Amino acid sequence: MSIENPSNQAITNILHTSKRIAVVGLSDNPERTSYMVSEAMQKAGYEIIPVNPTIDEALGVKAVSSLHEIDGDIDIVNVFRRSEFLPDIAKETVEVGANVFWSQLGVVNQEAYDYLREHNIATVMDRCIKVEHAKFK
């Protein structure tokens, strides 16, 4: 099986109905892509939850070490980690019951994709959430 992202309309629906984004690998460095993308999404009205055990906070929000530490529902798990880390993050995404798994540009893993699809998690890989939001808002 190969990776097939949702249709443009489905991605638009995801972005219009989602409000809470857990960002795995969010840096506290304003010069990093994860910070810039997350800041733009925060300014667009999304709640951003930093998931990174190596920082205390980012974008004025206390960071958590894992998705399991987040109270309440997670609409999107947005991943800024290397492709080899996706299977573990996919498993955690399923365990916490998040609605959507989204990995950024250049981040793809077939094993993670297959696992997420088996568990009926909407999955977007190799796309920038900020770019998609700008196209469809």
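Just so you know, all these numbers are worked out from the coordinates, no wet-lab data involved. Please read all numbers here as calculations on a predicted model, not as lab measurements. Quick reminder, even Gly has a Cβ in these numbers, built from the backbone with ideal geometry, and neighbours come from all protein chains shown.
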Classify region 1-112: rounded, prolate or oblate, from the alpha-carbon gyration tensor (a ≥ b ≥ c, eigenvalue square roots; a/c under 1.5 rounded; otherwise prolate if a/b is larger than b/c)? rounded
Which percent, nearest 5, of DSSP beta bridges in the chain are antiparallel? 10
Please give the calculated 222 nm ellipticity per residue for the chain, where each DSSP H segment of at least 4 residues contributes -39500 (n - 2.57) and the sum is spread over every residue; nearest 500 deg cm²/dmol? -10500 deg cm²/dmol
Less than 10 Å Cβ to Cβ from Ile76, Lys/Arg counted +1 and Asp/Glu -1: what total charge do the surrounding residues give? +1
Taking every other residue with Cβ under 14 Å from the Cβ of Gly106 and scoring Lys and Arg +1, Asp and Glu -1, one gets +1
Along region 65-72, Karplus-curve 3J(HN,Hα) (6.51, -1.76, 1.60; θ = phi - 60°) to the nearest Hz, with x for Gly and Pro, reads 7, 8, 4, 5, 7, 8, 7, x
Give me the lysines in straight-line cross-link reach of Lys43: C-alpha distance below 25 Å, same-chain residues under 8 apart excluded. Lys19, Lys62, Lys130, Lys135, Lys137
Amide H contacts of Ala122 (H built 1.01 Å from N, under 5 Å, at least 5 apart or other chain): Phe101
Find out how many positive minus negative residues lie around Pro50, taking Lys and Arg as positive, Asp and Glu as negative, among other residues whose Cβ is under 14 Å from that of Pro50. -2
